Amino acid sequence: MSNVKRLAMLGITKEYPGCKANDEVFLDIEHGEIHALLGENGAGKSTLMKMLYGVVKPDSGSIIWNGTPVSIDQPSVARGLGIGMVFQH
């Protein structure tokens with residue numbers, strides 16, 4: 001298998017008025033890995049995943065998909081890359 005990571009989220013930050021939802025988050029996922037994102041309510045899990053899916057735009061940081069920097073500015077771009085989302089109800 002290649003040394004290229006499937007996903008790298010580098011220094012992802014998102015801030016709302018009065019609340020920093022994500023503060024320089026780094027996440028690496030290798031091909032074939034499965035990860036769970038755990039944390040308290042309000043920890044920023046959903047915000048991070050919404051940035052990966054193009055629903056929310058990060059204030060700073062970068063997303064690398066299969067070794068290529070990408071700008072995921074809408075869900076159709078994420079789906080085109082093979083990134084899907086199942087929203088919680």
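Might you let me know whether segment 42-52 holds any residue that is more than 25 Å from VAL4 (Cα to Cα) and free of Cβ contacts under 8 Å to residues at least 24 places away in the same chain?
yes
List pairs: first residue in segment 1-14 and more than 11 Å from ASP28 (Cα to Cα), second residue modelled with pLDDT under 95 and among the aromatic types (Phe, Trp, Tyr) anywhere in the structure, Cβ distance under 9 angstrom, at least six positions apart or on different chains.
From segment 1-14, no pairs qualify.
For a quick check of your reading of the model, give me the residue pairs whose first member lies in segment 53-73 and is touching a residue at least 24 places away in the same chain (Cβ under 8 Å) and over 22 Å from HIS31 (Cα atoms), whose second is of a type in the set (Val, Ile, Thr) and part of a strand (DSSP E or B), with beta-carbon atoms closer than 6 Å and at least 6 apart or on different chains.
Going by the 6 Å Cβ cut-off, the qualifying pairs are PRO58/ILE12; ASP59/THR13; SER60/THR13.
Does any residue of segment 7-16 turn out to be more than 13 Å from the chain's Cα centre (by Cα), surrounded by 11 or more Cβ atoms within 10 Å (Cβ to Cβ), modelled with pLDDT of 95 or more and not basic (Lys, Arg)? If you could, list the steps in order and put the result at the bottom.
Residues of segment 7-16 that are more than 13 Å from the chain's Cα centre (by Cα), as a first pass: 15-16.
Right, trim to surrounded by 11 or more Cβ atoms within 10 Å (Cβ to Cβ) and you get 15.
After this cut, where a residue has to be modelled with pLDDT of 95 or more as well, the list is 15.
Okay, now just the ones that are also not basic (Lys, Arg), so 15.
Within segment 7-16, one or more residues are more than 13 Å from the chain's Cα centre (by Cα), surrounded by 11 or more Cβ atoms within 10 Å (Cβ to Cβ), modelled with pLDDT of 95 or more and not basic (Lys, Arg).
Residue-wise test of (1) at pLDDT 95 or above; (2) in a loop (DSSP other than H, G, I, E, B); (3) more than 14 Å from the chain's Cα centre (by Cα); (4) not aliphatic (A, V, I, L, M).
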{"position": "VAL4", "(1), (2), (3), (4)": "no, yes, yes, no"}
{"position": "ALA36", "(1), (2), (3), (4)": "no, yes, no, no"}
{"position": "GLY42", "(1), (2), (3), (4)": "no, yes, yes, yes"}
{"position": "MET49", "(1), (2), (3), (4)": "yes, no, no, no"}
{"position": "LYS57", "(1), (2), (3), (4)": "yes, yes, no, yes"}
{"position": "ILE64", "(1), (2), (3), (4)": "yes, no, no, no"}
{"position": "GLY80", "(1), (2), (3), (4)": "yes, no, yes, yes"}
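The values are calculated or read from the model by the stated rules, or taken from the named source; none is laboratory data. All of these numbers come straight from a predicted model, not from anything done at the bench. Positions of Cβ are backbone-derived with ideal geometry, glycine not excepted, and every protein chain shown enters the neighbour counts.
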